[in-house]
Amino acid sequence: MRNNALITPQVLIWARERLDLSLEEASEYLKIKPEKLKSWEDDSKYPTILQAKTIAKKYKIPYGVGSFPILKHSDGYKNKNKGG
């Protein structure tokens, strides 16, 4: 069983747009199919922890517990800077 990284689509989209990459450009850069990246960004699927670490490295953002600004919890979205 794979462990999924529960990263919100907003973080993935923000990180991609921060590098001024389209979905197609980002998927090529990450060496994945555009459909896979789209599924992560539309909240229908999640990357594995290993995939999330790769995304963080390629998007030049830190990875680790609490380093993504928004994480999805079972009770909904929580912002770590707003008491979540």
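At a glance:
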| item | result |
| --- | --- |
| FRET efficiency estimate (nearest 0.05) - Cβ-Cβ, residue 4 to residue 28, R0 25 angstrom | 0.60 |
| Integer Hz, Karplus 6.51/-1.76/1.60 couplings in order for region 17-29, x for Gly and Pro | 5, 4, 8, 6, 10, 6, 4, 5, 5, 5, 5, 5, 4 |
| Amide H partners (placed H, <5 Å) of residue 61, local residues excluded | none |
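Here, each number is a calculation from the coordinates, and none is a lab measurement. This is a predicted model, so every value here is computed, not measured. Every residue, glycine as well, gets a Cβ built from its backbone with ideal geometry; the counts of neighbours run over all protein chains shown.
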